[in-house]
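The values are calculated or read from the model by the stated rules, or taken from the named source; none is laboratory data. As the structure is a prediction and not an experimental result, all values here were calculated from the model. Cβ placement follows ideal geometry from the backbone for every residue including glycine, while neighbour counts extend to all protein chains displayed. Surface areas here come from the heavy atoms of the whole protein model, side chains and all, with no ligands, DNA or RNA. Shrake-Rupley method; radii C 1.70, N 1.55, O 1.52, S 1.80 Å.
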Amino acid sequence: MVKEECKALLDALSKVTACYRHMVLTIGGTSDSQNLREELKKTRQKAQELAVANRNKLTAVLKDKTVSKEDKAEFERLWVIFSTCLEILEIDMRRALELGHEFPLNVPKKHLIQTGMSGGTSGVAARAMSVQNMKYEAEHNIDVVDLKDLENEINQVGEMMYEMEMKVNVPQWTVEAKQDPGAELKSTISVGASSIGMISVEENKSFCDISKVLAGIIFSAVLIIAIVLAVCVVKLS
Amino acid sequence: PPPLQTPYFWTSTKWPATELDYAIYLAKKNIRKQGDLIEHEKDNYNLLHKRINHTWDFVVMQAREQLRDAAPAGAGGAIDCQEQAYWLVNRPPVRMGWGSWVGGQWVRGWRVQPWAGGEDGGAGSEHGPGPVRRARGFPPAPGTVLYIKFNEQYVPHDPIMSGCLPSNPWITDDTTYWAMNAPTVPTPTKLRVERWGFNFSELLTDPLGRAQLLDFLKKEFSAENLSFWEACEELRYGEQSRITEIVDSIYQQFLAPGATRWVNIDSKTMERTLEGIKTPHRYVMDDAQMHIYMLMKKDSYPRFLKSELYRNLLAEAIIPPETKKR
């Protein structure tokens, strides 16, 4: 179903955004390195791919007139989540650009800040790219070279957000959160592979089932009544 | 060397700490502490849930994802500490008075108020968020008391806060309200006459009020004060080319010994003014004008309010009836 695909895409984007943020946190600190900059670049590009995919899918669905009202509300909710995710991504990208300018790696005079954070971010990057191990292939001065690309990508994201706002008419204030305050405490969090997207998909599936069962019962009831009437007609004539 | 804050969390005007970020941080903390947030954080959490309700699902999603990255890594501890410090700076618990920092909270009497405000405290709780309540034993700051008094006095007169009779012209297209409150009308509205009693400047700035004051002063034989004051206003705000002319006429009418409408100014001010007249400019009469103004305010104005003239005005003033909605 389209809804599940959209949700899965959105979950992936959210995951990559969180990973990107985690990596941007460490720029300029003791765990900064060329590898980090390369990880940032790759994660960022993956995030952009996912963003474009999300946008295409959601705009296609929102333009579709045959979608039912509840489905439309659900897709609007996903749209609002998507645009907020993009906002956060853009902010983090801008921060990365600033920090990248402030802390170039190969200049001997500029020192990195003693933040007390050790350990690399390769695990986080691997999770973002959904690979087992990260492969590092970049040149030595990626931290400086990459910044121009980063600037361009920030502009691209900015333009995408502007286009989204202009073309898709979804008023944000009409969307209501599905979760009450404190809802995050209820579902158990497993640190690892299973994503929350799966849990909510199951919930949705059970809802679908209930409505399907109800429809089935009503249909069969109508069918039985029709059969009884036909039998009566046959018997009387 | 002690560890420093990672550059991401440095305060900068380029990236202010947004509500969204704070909401995600609170959600993460909520999960990690299993619902055991500090009081002000709980209040902020609920407030934010209402305010950015439309993206709350995203907040929860992102909080979960961010926790996934933070928990297993050994470096996670340092980042969490730094994040907590960042939010302590950017969303401090508003506390009044001094207390002591015990177990992550300010103790000893002073209630921690959420930075987002909205709790009523102190005097005037009917007026929405009241002033921040100071510690017990301290009076509220003098400005707040006057501010509250001013609001209490003027709220019934404000057409937005208390509605305007007969009806709001912008809504009903009925301009009676403006007609009744025009600068010169035969019968003023009751609210207007009441306002004359608030302070002297209200009376003086209202043309109708000023006319009534003039009548009253004529009865008391001190009308020249008001005329003098009006003439000085004309000097202050009048044309540059006419200044010498006006100064001259004021002198002839009010200040010259044996003038027809001689005003009673004390000798020092009179000396200064007469000196100043020799080189006339816009503000030569300021001292004298202020003196007369204070005289009217302290002397004639209270008498005016107690006079029969004013009481009659109050009695005759009309309260416009509310037009029935069609």
| request: Report whether or not A:ARG21 is open to solvent by 20 Å² or more (accessible area, probe 1.4 Å), more than 14 Å from chain B (Cβ to nearest Cβ) and at pLDDT 85 or above. | output: no
| Restricting segment A:50-98 to residues that are of a type in the set (Lys, Arg) and modelled with pLDDT of 85 or more, the residue that is nearest to B:THR55 (Cα to Cα) | A:ARG77
| task | Only residues in segment A:89-101 that are at the interface with chain B (Cβ under 9 Å from one of its Cβ atoms) and under 15 Å from A:LEU112 (Cβ atoms) count as the first member; pair them with residues that are of a type in the set (A, V, I, L, M) and not in a helix (DSSP H, G or I), Cβ under 6 angstrom, at least 6 apart or cross-chain, and list the lot. | result | A:LEU99/A:ILE27
| 3 or more residues over 30 Å from B:PRO166 (Cβ atoms): qualifying helices (runs of 4 or more DSSP H) within segment B:259-326 | B:267-277, B:286-295, B:301-306
| task | Please indicate, with yes or no, whether at least one residue in segment A:165-176 is of a type outside the set (Ser, Thr, Tyr), in contact with an Asp or Glu (Cβ under 8 Å, 6 or more places away or on another chain) and at pLDDT below 65. | result | no
| query | If B:LYS14 passes every condition in (1) more than 7 Å from chain A (Cβ to nearest Cβ); (2) surrounded by fewer than 16 Cβ atoms within 10 Å (Cβ to Cβ); (3) under 27 Å from A:GLY28 (Cα atoms) but one, which one does it miss? | reply | (1)
| task | From the list B:THR279, B:THR260, pick out the single residue that is without any contact (Cβ under 8 Å) to a residue 40 or more places away in the chain, closer than 12 Å to B:GLU224 by Cα, exposed (fewer than 14 other Cβ atoms within 10 Å of the Cβ) and assigned by the TED database to the domain that holds B:SER201. | result | B:THR260
| note | Of the residues in segment B:22-52, those that are open to solvent by 40 Å² or more (accessible area, probe 1.4 Å) and either acidic (Asp, Glu) or at negative phi (or both) come to B:ARG32, B:LYS33, B:ASP36, B:ILE38, B:GLU39, B:LYS42, B:ASP43, B:ASN46, B:LEU47, B:LYS50, B:ARG51
| Residue list for segment B:163-196, restricted to those being surrounded by fewer than 16 Cβ atoms within 10 Å (Cβ to Cβ), touching a residue at least 60 places away in the same chain (Cβ under 8 Å) and assigned to a loop (DSSP other than H, G, I, E, B) | B:ASP174, B:THR187
| task | Would you be able to say whether some residue in segment A:45-61 is part of a loop (DSSP other than H, G, I, E, B) and not acidic (Asp, Glu)? | result | no
| said: Suppose the filter is under 39 Å from the mean Cα position of the chain (by Cα) and acidic (Asp, Glu); does B:GLU65 pass it? | reply: no
| request: Select from segment B:50-62 the residues that are facing chain A (nearest Cβ under 7 Å) and either touching a residue at least 24 places away in the same chain (Cβ under 8 Å) or of a type in the set (Lys, Arg) (or both) and list them in ascending order. | output: B:THR55, B:TRP56, B:VAL60, B:GLN62
| request: Taking the options A:LYS7, A:LYS69, name whichever one is more than 20 Å from A:GLU153 (Cβ to Cβ) and buried (at least 20 other Cβ atoms within 10 Å of the Cβ). | output: A:LYS7
| request: With the condition kept exactly as written, say whether any residue in segment B:217-237 is among the aliphatic types (A, V, I, L, M), part of a helix (DSSP H, G or I) and within 29 Å of B:ILE319 (Cα to Cα). | output: yes
| query | Failed condition for B:GLU65, given (1) more than 9 Å from chain A (Cβ to nearest Cβ); (2) of a type in the set (D, E, K, R); (3) in contact with a Ser or Thr (Cβ under 8 Å, 6 or more places away or on another chain), with all others met? | reply | (1)
| query | Being over 21 Å from the mean Cα position of the chain (by Cα) and away from chain B (no Cβ under 14 Å), is that true of even one residue in segment A:25-34? | reply | yes
| message | I'd like to know if segment B:48-68 contains one or more residues that are in a helix (DSSP H, G or I), at pLDDT below 85, farther than 27 Å from A:GLN114 by Cα and among the aliphatic types (A, V, I, L, M). | response | yes
| query | If you check every pair at least six apart or on different chains, which have Cβ atoms under 6 Å apart with a residue in segment B:199-216 that is part of a helix (DSSP H, G or I) first and a residue that is surrounded by 18 or more Cβ atoms within 10 Å (Cβ to Cβ) and of a type in the set (Gly, Ala, Ser) second? | reply | B:LEU203/B:GLY209
